[in-house]
Amino acid sequence: MKRLIVLALCGLWASAAAAQAPAADPGPEPDRRSPGPQARLFISPSGEPFRDGEGLAAWFAGADRDGDTLLTRPEFEADAERFFAVLDADGDGVVDGFENQAYERQIAPEITRLGEARPPGPGPGGRPERDGERPRRPMLGFGQGKPEPGAQRQGAGRYGLLNEPQPVRGADGDLSGRVSKIEWRTAAARRFNLLDLDGDGVLTLDTLPPLPGARPPR
């Protein structure tokens with residue numbers, strides 16, 4: 001009996017000591033601030049993807065050959081021709097259907113992943129499409145491609161300055177399925193004019209239209 005009383009007193013003493021012991025230090029409060037800006041895909045006006053860091057700034061710095069922070073028309077067009085040489089894998093001066101497919105599948109596959117699905121049915125002009133036939137999309141002509149506030153964007157337009165779903169096909173002026181150097185240069189001139197909002201013949205980072213999803217300046 002005496003032993004049971006001693007054990008009970010020991011239990012009460014241990015409980016009281018535990019209650020009086022200071023709580024364990026939980027350590028520093030975790031940093032709950034939102035992470036910094038993450039890299040996002042940018043597709044240049046000619047269709048070249050930039051995936052690391054600030055893609056817009058990287059494209060602009062590369063195209064601005066003399067580094068004066070002013071992107072002139074000749075510099076813009078030279079940058080477009082540089083990317084044309086990348087697309088023209090066989091160097092024959094034309095981006096053909098196979099090279100355009102390589103662009104969509106290997107260089108910038110993101111532009112075909114978020115487009116609207118085409119419902120089954122007759123093709124352009126009511127003509128039924130044959131199995132495996134790819135419907136032709138209307139070319140973005142002069143005056144088109146300029147982003148409008150609230151306009152829904154597709155393909156490359158989701159990642160770039162211009163609302164042009166497929167920049168390589170957008171340069172196919174005669175809808176032949178092939179893009180010549182002349183057509184590419186014509187498209188580059190059109191795109192520069194769309195971006196040169198004040199018509200002074202040069203582009204600067206702060207005068208370019210905002211990217212999709214960009215926060216408006218305060």
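What follows is calculated from the coordinates using simple rules that are stated; it is not laboratory data. Note that the structure is predicted; figures quoted are calculated from it, not measured.
Some points to look at:
- The gain in end-to-end length when the residue 200 to residue 98 segment is fully stretched comes to 32.9 nm, 0.36 nm per residue minus the alpha carbon separation.
- Extension gain (nm, one decimal) between residue 181 and residue 41, 0.36 nm per residue minus Cα-Cα: 47.8 nm
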